[in-house]
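Every read-out reported here was derived from the displayed coordinates using simple, explicitly stated rules and does not represent laboratory data. Worth saying up front: this structure is predicted, and the values here are computed from it rather than measured. Please note: Cβ atoms are built from the backbone with ideal geometry, for glycine as well, and neighbour counts cover all protein chains shown.
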Amino acid sequence: MTAEQPDSRSRSRSRSPSSVAQSFYTRWATLYDALARRAPGVGSVRTEAADALALSPGETVVEMGCGTGANLPYLAERVGPEGTVVGVDFSPGVLDVARERTREYPNVHLVRADATRPPVARELAESPDAVLATFVSGMFDDPAAVVSSWADLVGPGGRLCLVDLAETTDPRWRPLNPAFRALVRVTAPPGSRTMRASPTKMLNRRLVAAHRALESRCRVTHETTHALGFARVRAGAVE
Ligand SMILES: C[S@@+](CC[C@H](N)C(=O)[O-])C[C@H]1O[C@@H](n2cnc3c(N)ncnc32)[C@H](O)[C@@H]1O
């Protein structure tokens, strides 16, 4: 399988937010992987997200912004050996970890590409049945357009599931929002940290835009919050 690669010459000439994010996730891939798998409660959110896609054996599922591949074994188990899992990410460092993690799954394919313009349909010569994106929508300039393009990719009856973090709206836990804002500030890729607008406000706005786009394109089948209201899982079937 070939992959669309961002142009390395233009990458070195300019430091766009996307190239900063790629360097950031490549540099911190090992540390991110530990967090992605061991943070309290994250395993059950990943199980729930994979279940919410209602995958059947033999289906094809794409994970956009798959990072170090923490979700990929969950997806591979659900589609079985006759199904296909494609992980898409633009950061080479995280894909190396994902490749190692999925070595024993011949039906898991990793593609270095931009999840906002995924080459998946062309690569697989078929439309995927489902798309998963966890903790990624907050990184897109126009998450509504991206989610809508994923709905087009899977087509009617295809499933989408988003998992994202934002400030909690649960009145019991709102006092923890300042701590969440501090955490976002130190863990966000450098480009988003130095922006005049608060990175948390941007995250909140992008989560709402992405999840509204899912609601507008899908019959919603699953909606839950986790981690004191900081994590939202939303899934649906495209109408
Ligand atoms: C916070 S990590 C989440 C990784 C994984 N989904 C998880 O749940 O652990 C965000 C990932 O999205 C990737 N990413 C962000 N924007 C992307 C884009 N436009 N195309 C491809 N990957 C992207 C980053 O490289 C990073 O690996």
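Tell me, rounded to the nearest percent, the portion of alpha carbon pairs in the range 29-130 spaced more than 16 Å apart.
Tail fraction, whole percent: 54.
Could you give me the radius of gyration and the Dmax of the chain, taking only the C-alpha atoms into account and expressing both in angstrom?
That works out to 16.9, 50 Å for Rg and Dmax.
Between residue 20 and residue 39, what length comes free when the chain is fully extended (0.36 nm per residue of separation minus the Cα-Cα distance, one decimal in nm)?
In short, 4.4 nm is gained.
With n ≥ 4 as the cut-off for DSSP H runs, can you work out [θ] at 222 nm for the chain, using -39500 (n - 2.57) per run divided by the number of residues, rounded to the nearest 500?
Numbers: 11 runs with 107 residues, N = 239.
Helix contribution divided over all residues of the chain: -13000 deg cm²/dmol.
Which order do the peptides 227-233, 208-214, 70-76, 176-182 take when ranked by the mean count of other beta-carbon atoms within 10 Å per residue, highest first?
Answer by packing, highest mean first, reads 70-76, 208-214, 227-233, 176-182.
Nearest 20 debye, what's the magnitude of the dipole of the chain about its Cα centre given +1 on Lys and Arg Cβ and -1 on Asp and Glu Cβ?
1240
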